[in-house]
Structures are given as C-alpha cells and as structure tokens.
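This report refers to the structure that appears directly beneath it.
Read-outs throughout are calculated quantities, based only on the coordinates presented, and are distinct from any laboratory measurement. Since we're looking at a predicted model, the values are computed, not measured. Cβ: placed from backbone, ideal geometry, glycine included. Neighbour counts: every protein chain shown.
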Amino acid sequence: MIIKAVKFRKDGFYTQPFVFGGEEGAEKFDPTVRYRGSLQNYLIDTGDEVILVDTGLPAGTPEEVPDETSMVYTGKDISSYMEALADLGYKPEQVTKILLTHKHSDHSGELKSFPNAQIFLNEEEVSADELQGIPNLVPVKFTDGAYYNFPESQKITDGVYLIKAKGHTNGNSLVIAEKDDLFYLFEADITYVDEALYENKLSIVFDDLPAARETLDRVREFVRNHPTVYMGTHTPQGYENLEANRVMDLDNPVETVFAEVDFSEQKATGIYVCSICGYVYDPAEHDGVAFEDLPDDWRCPRCKQPKAKFNRA
C-alpha cells in the first residue's frame, strides 16, 4: 500500500478563535495567533486499486485575499487538484473508488472528473446541493459494525475503512487505512490543525456540537491507544505527519510553527469566497450587489455560515 498527499494550496492560516472556539466561544482565544494552513487530500494505492480520500476544490476556484481580520485563509494555489493528481503520476481513469468525508466543495470539488469511480459517502450526505448531478454515488449505511472504539464502520477493501464521524456535518466521515502495524487516520475538519487535537478543542464550524464532541473524544481515544499517523486536510502537518511516518503522541505535541502572513500586497476583485465550503459570491451574478452591502445577517447559501467566514478574492 502506498499513501500520498495530493497538495493543491499552501501558505494559508487558521486563527486560534476559529480552531479552538467551538465550545468555549471564539472570544476566549487570541485572533492574532495564526496556525499554518494548506489544502491537500490523499490517495491510497493498494496495488489493485487507486482510492482517493476527497477530491479537492473545483478547478477555477479563485484564491482568497485575506486581511488582518480574516479568521481563515485557505492559501495560495500550488495547482489545481487534477494537476496535482497528475503530478503524482495518476490519471482519472485509474481511480476505482473515492471515499468522501463530507459534502463541502474543498473535499468534493472534482468528483465529476472521475465518472468511472464509485463514490462512497455517508447516506446522509447524498441530498447535499454540492453533490447533485454526480453519478456513481454509493450511499453507505455503515453495516460492518464497530471498528475498535468507533461504533459504525464500513469496510471498503482490505485494510481500508470508512468510519461514521458525525459533527462537522451531519454526514461527516473519516477514513482509516492499516499498513505495517500503523493506522493512517484521514480526517477532514474534525480538527483543522493538529494543535486542536492536542488541546482537545473543537472548531467553530459544526452542524451538531454534541456529535462533534463525541467524535473528537473517540478520535483522541483511538490515537491514544493505537499507533496512528494523523492526516488532516487543512494543515501542512497532515502531509508532514505522513512523510515522516510520525505517530501522534497526545502527551508530547510537536512544536508549533506559526503562520507568517504578509498582508501588504493584497488586491481585491469584489468577489468573495466562503472559507468553509468554497461558495463564490460574485456581485455580477447577484444584480451587482456588493458583498459589503449584504445584510449583516446574510449567510452562505450553501453551508449557512455568516459573512465573517468569507474572504475577498
């Protein structure tokens, strides 16, 4: 089994209130503390199959333009997701299965580029707006019972499991692959940065807070009791852990490297992008109404997050 990261954005950041404030409130944390951010998904090559864990942003998604008030910045383009996949030496027709952790477009953005792949996802996600018109969806009912301390799982192939992990969205899942006596845990937005796992903090983005807490508790219990390489989507720590084959030790955190951000040369276009689900607000498509002129209580049409979660593009 070969596991690789499909890297498509770098040099982003996530502020401490965003990644820690889900239960105690964002106001309890320091907005000037910015943890490193990136965007990558993952590929599992079993030798018989090529399996993707999520499929990146849609091609053409504009880069955001953050400022000092931005809670989240997903980073600068390295390439499109499909270009990043090609750079790893894979073609779309080689992909046999896609394991979708959840509906948001930074995870589901290129599903349509893999018409021959079976797309496995929690059955509760199938009706999501982002997934309409996509063929080959395989709704998962998690009928294979418990996987260690996770109550509901589905075996995808030998050594690869889709695990119900509700909270961030109501249909959120995680993936675990077993290789060489290690457990490779692919998580998407259960935590945005590894510091949240060490500190036992939830982000401020969730559909179901009690479920998100239960999921994080189960993840921490699993990591504490099994040698686990922990691989997130939104931080370079995800692929750094993979490349180092680093086993997560909750009692001995890896030293934090904070994000370095230069706000001085940013230019805006009037377009805004939701940093949570990737929805693009273009005034030209909304009767010329500037984003700044939208009501204060306006929310993202897709993921229902408030205006504060949007960045200029």
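Classify region 90-172 as rounded, prolate or oblate, taking a ≥ b ≥ c as the square roots of the eigenvalues of its Cα gyration tensor: rounded when a/c is under 1.5, otherwise prolate if a/b is larger than b/c and oblate if not. Oblate shape, in that a/c is at least 1.5 and b/c is the bigger or equal ratio.
Annotation for ASP48 and LEU294: the two label points, set 7 Å from Cα along the Cα-Cβ direction, are 4.7 nm apart.
Relative to the longest principal Cα axis of the chain, at what angle does helix 209-225 sit, 0 to 90 degrees, rounded to 10? Taking Cα atoms only, the helix is inclined about 50 degrees.
Applying 1/(1 + (r/R0)^6) with R0 = 41 Å to the Cβ-Cβ distance of VAL257 and ASN225 gives a FRET efficiency near 0.90.
Note that region 248-256 has calculated 3J(HN,Hα) couplings of 5, 10, 5, 8, 9, x, 5, 4, 6 Hz, one per residue in order, obtained from phi through the Karplus relation 6.51 cos²θ - 1.76 cosθ + 1.60 (θ = phi - 60°); glycine and proline are x.
I'd like the FRET efficiency for THR69 and VAL247, computed as 1/(1 + (r/R0)^6) with the beta carbon distance as r and R0 of 30 Å, rounded to 0.05. Computed FRET efficiency for THR69 and VAL247: 0.20.
Estimated translational diffusion coefficient (Stokes-Einstein, Kirkwood radius over Cα pairs, 25 °C, 0.890 mPa s) of region 2-244: 137 µm² per second. For region 272-312, the convex hull drawn through the C-alpha positions has a volume of 62 cubic angstrom per residue. Looking at the square roots a ≥ b ≥ c of the eigenvalues of the Cα gyration tensor of region 187-237, which shape do they give, rounded for a/c under 1.5, prolate if a/b is larger than b/c, or oblate? Taking the square roots of the gyration eigenvalues as a ≥ b ≥ c, region 187-237 is oblate. Rounded to the nearest 20, the size of the Cβ-charge dipole of the chain about its Cα centre is 420 debye, with Lys and Arg at +1 and Asp and Glu at -1.
At an R0 of 22 angstrom, the distance between the Cβ atoms of ASP144 and GLU123 translates into a FRET efficiency of 0.95.
For the chain, a Gaussian network of Cα nodes joined below 10 Å ranks ILE276, ILE78, ILE51 by mean-square fluctuation, and the top entry is ILE78. Taking label positions 7 Å along the Cα-Cβ direction at both ASN170 and GLU83, the computed distance is 3.8 nm, reported to one decimal. Look at the dipole of region 2-244 built from charges on Cβ: of HIS226, ALA59, GLY171, the Cα furthest out on the positive end belongs to HIS226. Projected label points at SER264 and ALA284, each 7 Å from Cα along the beta carbon direction, are separated by 3.2 nanometres.
Restricting the GluC sites (Glu not before Pro) of region 67-151 to loop positions (DSSP other than H, G, I, E, B) with no more than 12 neighbouring Cβ atoms within 10 Å leaves GLU68.
Under the shape rule built on the C-alpha gyration tensor, where the axes satisfy a ≥ b ≥ c, region 152-203 is oblate, since a/c reaches at least 1.5 while a/b does not exceed b/c.
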